[in-house]
Amino acid sequence: VQLQASGGGSVQPGGSLRLSCVTSGSIGRFSGMGWYRQAPGKQRELVAFKSIDGTTTYDNSVKGRFTISRDNVKNSVYLQMNSLKPEDRAVYFCNGNGLSGNYWGQGTLVTVSS
């Protein structure tokens with residue numbers, strides 16, 4: 001099982017980015033998919049999570065700015081990030097977990113600076 005993340009880049013504060021994560025095979029194998037991030041010198045933290053039943057969870061720091069979505073036809077999960085702040089700078093990882101295990105994408109770098 002492979003997860004391929006993309007969409008990172010460099011934006012100014014207030015800008016937007018959309019991260020994508022495509023899974024090899026059916027996304028239906030994952031009961032939950034999420035986005036995590038890891039800033040320099042910090043531990044990896046959960047940003048957003050969406051379960052197969054549609055329940056979503058967001059870190060308080062991104063509520064109202066980030067939106068996670070899941071496309072079962074395209075075997076993909078997305079993270080729409082709006083109103084980006086310098087503190088959002090990190091490497092973002094997609095994650096899928098299910099009965100077959102816990103899987104990580106390779107990470108995509110998001111930089112927010114003026």
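The values are calculated or read from the model by the stated rules, or taken from the named source; none is laboratory data. Not measured: the values here are computed from a predicted model. Areas reflect the complete protein model, heavy atoms only, side chains present, ligands, DNA and RNA absent. Shrake-Rupley method; radii C 1.70, N 1.55, O 1.52, S 1.80 Å.
Taking V22, V11 and ordering them by how much accessible surface each has at a 1.4 Å probe, largest first, produces V22, V11. Distances between placed amide hydrogens fall under 5 Å for G98 paired with S31, all partners being 5 or more residues away or on another chain. Computed from backbone phi, the HN-Hα couplings of region 43-53 come to 7, 5, 10, 6, 9, 7, 9, 9, 8, 5, 8 Hz, rounded to whole numbers (Karplus: 6.51 cos²θ - 1.76 cosθ + 1.60, θ = phi - 60°; Gly and Pro given as x).
For R89, the residues whose modelled amide H falls within less than 5 Å of its own, excluding neighbours fewer than 5 places apart on the same chain, are V112. DSSP beta bridges confined to the chain are antiparallel in about 95 percent of cases.
Over the chain, with every protein chain in place, what whole percent of the accessible area is carbon and sulfur at 1.4 Å, could you tell me? Could you put the intermediate results ahead of the total?
Numbers: 2790 of 5820 Å².
Heavy-atom surface of the chain belonging to carbon and sulfur, 1.4 Å probe: 48 percent.
Per-residue 3J(HN,Hα) values for region 71-78, derived from phi via the Karplus relation 6.51 cos²θ - 1.76 cosθ + 1.60 with θ = phi - 60°, read 10, 6, 6, 8, 6, 9, 10, 10 Hz in sequence order (x marks Gly and Pro). Accessible surface ranking for S26, S20, 1.4 angstrom probe, highest first: S26, S20.
Amide H contacts of V62 (H built 1.01 Å from N, in plane; Pro and chain starts excluded): no residue 5 or more places away or on another chain comes under 5 Å.
The residues of the chain present an accessible area of 51 Å² per residue when probed at 1.4 Å with all protein chains retained.
Rolled with a 1.4 Å probe across the full set of protein chains, the surface gives K85 an accessible area near 80 Å². A simple rule links phi to the HN-Hα coupling: the Karplus curve 6.51 cos²θ - 1.76 cosθ + 1.60 with θ = phi - 60°, which for region 24-33 gives 7, x, 6, 6, x, 5, 9, 6, x, 9 Hz, with x for Gly and Pro.
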